[in-house]
Amino acid sequence: MHSLFRKLIAAMAAVVLAAIAGAAGAQKTQLLVYTALETDQIKAYQESFNKSYPNIELKFVRDSTGIITAKVLAEKANPQADIVIGVSASSMAVFNNEGMLLPYAPKGLDKIVPQYRDAKNPPAWVGMDVYGAAVCFNTVEAAKRKLPKPQSWKDLTKAVYKGQITMPHPSSSGTGYLDVIGWLQMWGEADAWKFMDALHENIAQYTHSGSKPCRQAGAGEFTIGVSFEYRAVTTKKSGAPIDIIFPSEGLGWDLEASGIVKGTKKLEAAKSLMDWLATPGAMELYAKNFAVLAMPGVAKPLDFVPADYEKRLVKNDFAWSAKNRDRILVEWNKRYNAKAEPK
């Protein structure tokens, strides 16, 4: 009898514990987050966020900027994501034009540099950090082929580099798109397309990732990879024999930015994530990867990135970039897509 009683008590206790655990689990809100953040950044951001908000679980869907942008737009009639973070401001501006973002002013918005957020109040999107163009140059492969070190974008059109350059595809990669809109805004459309025609002659492949060209250069698959400064720095720090070149004419750039998807049923949790993304603590994490942040006074000098990096960024009009995105990509694909990496 005692044994039966003990079993009954144990069974009841198990039911109670399961109910408590279920209740604790039920209190957790799961946010579906679409992101183009590099995979090696997501973990640190997620862990830090959860120290402040342990009851919000972030479920990430991660891909390159162009893929995430296409996914969000394809789901316009039935949005799946609750929030989009770490996606280019030029894509966020496209979502905003489509009426897909819910404007929200996170706590601490007054500390964000005006040019690094949506101009409206409350803003549809808020920037995190700036990422810009950089060129990875494999010194070992260059020495074997007796190739000079380029200093400018125009240098990359010299015949000596034929078949030695890879760059990201602007339809699938935010880095590729920031290159193209940087050249268009820096030189004007006629001269920029002439430059891209000449560059295309030397391109071996347009990759679907912004990081891949630098990794390819680092591994010696090609001598030159057009990429962005975060991946250039991490590749050099990994021991790859590359020099990082910041072309002299100026650097195309974009922002990693975030915004709430209109229609989310997890609005309070999404607001909490937006609040956290704009904190000095979050900015300190971004500062480990990027030299220019949306909040001034937090960034620290980064190895291999010039101190005047922010001054080298070209003038960038996100509204123009969003409005003309489809037209620019159609023209680019018509001219150059033949050398795209197979998907």
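The values are calculated or read from the model by the stated rules, or taken from the named source; none is laboratory data. Because the structure is predicted, anything quoted here is derived from the model rather than measured. No Cβ is skipped: glycine too gets one built from the backbone with ideal geometry, and neighbour counts run over all protein chains shown. To get the accessible areas, we keep the full protein, side chains included, count just its heavy atoms, and leave off ligands, DNA and RNA. Shrake-Rupley method; radii C 1.70, N 1.55, O 1.52, S 1.80 Å.
Just one of the listed residues (310, 256, 249) is touching a Ser or Thr at 6+ places or on another chain (Cβ under 9 Å) and surrounded by fewer than 20 Cβ atoms within 10 Å (Cβ to Cβ), namely 249. When restricted to residues that are hydroxyl-bearing (Ser, Thr, Tyr) and either surrounded by 24 or more Cβ atoms within 10 Å (Cβ to Cβ) or in a loop (DSSP other than H, G, I, E, B) (or both), region 153-173 contains 4.
Just one of the listed residues (188, 176, 182) is open to solvent by less than 50 Å² (accessible area, probe 1.4 Å) and in contact with a His (Cβ under 8 Å, 6 or more places away or on another chain), namely 176. In summary, residue 285 fulfils each of the numbered conditions (1) closer than 30 Å to residue 29 by Cα; (2) in contact with a Pro (Cβ under 9 Å, 6 or more places away or on another chain) with the single exception of condition (2). Look at residue 206 and say whether it is part of a strand (DSSP E or B), touching a residue at least 40 places away in the same chain (Cβ under 8 Å), closer than 19 Å to residue 334 by Cβ and open to solvent by less than 30 Å² (accessible area, probe 1.4 Å). Yes.
Residues that are open to solvent by 50 Å² or more (accessible area, probe 1.4 Å) and part of a helix (DSSP H, G or I) were ranked within region 84-127; the one that is modelled with the lowest pLDDT is 115.
Set side by side, the residues 51, 7 differ, and just one is basic (Lys, Arg) and either closer than 30 Å to residue 181 by Cβ or at pLDDT 95 or above (or both), which is 51. Among the residues making up region 34-60, those that are closer than 30 Å to residue 329 by Cα, touching a Lys or Arg at 6+ places or on another chain (Cβ under 8 Å) and open to solvent by less than 50 Å² (accessible area, probe 1.4 Å) are 34, 35, 36, 37, 38, 42. Residue 258 falls short of the stated requirement of being under 27 Å from residue 184 (Cβ atoms), in a loop (DSSP other than H, G, I, E, B) and touching a residue at least 24 places away in the same chain (Cβ under 8 Å). Among the residues examined, residue 28 qualifies as exposed (fewer than 15 other Cβ atoms within 10 Å of the Cβ), at pLDDT below 95, touching a strand residue (DSSP E or B) at 6+ places or on another chain (Cβ under 6 Å) and more than 19 Å from residue 279 (Cβ to Cβ). Restricting attention to region 237-253, the residues that are over 17 Å from residue 185 (Cα atoms), touching a helix residue (DSSP H, G or I) at 6+ places or on another chain (Cβ under 8 Å) and in contact (Cβ under 8 Å) with a residue 24 or more places away in the chain total 6.
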